[in-house]
Amino acid sequence: MKTPTLETQRIILRPPTVSDAEAIFKNWTSDDDVTRYVTWSTHQSVEDTRKWLMLEEIRVESDKSYQWVFVHKETGEIFGSGGFAMNEERGMYELGYVLMKKYWRQGLATEAAKVMADFAVGTLGTKALFARHAVENPASGRVMEKVGFVYHCDGTCKSLDGLRVLDSKEYILTVP
């Protein structure tokens, strides 16, 4: 299924495009504070962000990955991204999200994560979702719990470049 546009009270979640690269680079992919606890490295140039977005544009038709950028309805600003992709090791989709600092602690991550999880369950018929956060980022765990995820176990997560290993807390959302 093609990744659809989703909407909440304050956010439009739409598929990312390469034309978003400059705003995304400026707003969060270049920010070491934002990228500290994610599996990908801080982008060093807008070209890094552009390369990532080219991959996401291809994946928009995939049933294995659903990714969105978050647009604040009131300001029109692209302020984050998230989605879920099939985690083959776990046998379920893994949910993730990231927001620029300006929008932290406003409930927006919870709002976005909830609509993404609702799409996975209600539209795709997913029976379980996986999520994890770096131990040093407990705020992300609180988002997961508010969405309905339940702590499962401690774990580790290797960065995509293989240079870092993050201690993590793993959560699962199950549908009865």
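Using the charge dipole of region 135-176 (Lys, Arg: +1 at Cβ; Asp, Glu: -1 at Cβ; taken about the Cα centre), state which of 175, 159, 137 has its Cα farthest towards the positive end. The residue sitting most towards the positive pole is 175.
Sorting 119, 149 from the fewest to the most surrounding beta carbons within 10 angstrom yields 119, 149. Given 64/127; 73/102; 51/146, which pairs have Cα atoms separated by over 21 Å? Check vs 21 Å cut-off fails for 51/146.
The order of 99, 6, 124, going from fewest to most other C-beta atoms within 10 Å of their C-beta, is 124, 6, 99.
Counting only Cα atoms, region 102-176 measures 37, 30, 22 Å along its principal axes, largest extent leading. Just so you know, the averaged projected area of the alpha carbon convex hull for region 62-149 sits at 6.1 nm². Ranking of 116, 54, 100, 1 by neighbouring Cβ atoms within 10 Å, starting from the fewest: 1, 54, 100, 116. A simple rule links phi to the HN-Hα coupling: the Karplus curve 6.51 cos²θ - 1.76 cosθ + 1.60 with θ = phi - 60°, which for region 167-175 gives 5, 9, 10, 10, 10, 9, 10, 10, 10 Hz, with x for Gly and Pro. So, with +1 on the Cβ of K and R and -1 on the Cβ of D and E, and no other charges, what is the size of the charge dipole of the chain about its Cα centre, to the nearest 20 debye? Charge dipole of the chain: 340 debye, to the nearest 20.
FYI, it's all coordinate maths here, none of it is from the lab. These numbers come from a predicted model, not from an experiment. Note: ideal-geometry Cβ built from the backbone for every residue, glycine included; neighbour counts use all protein chains shown.
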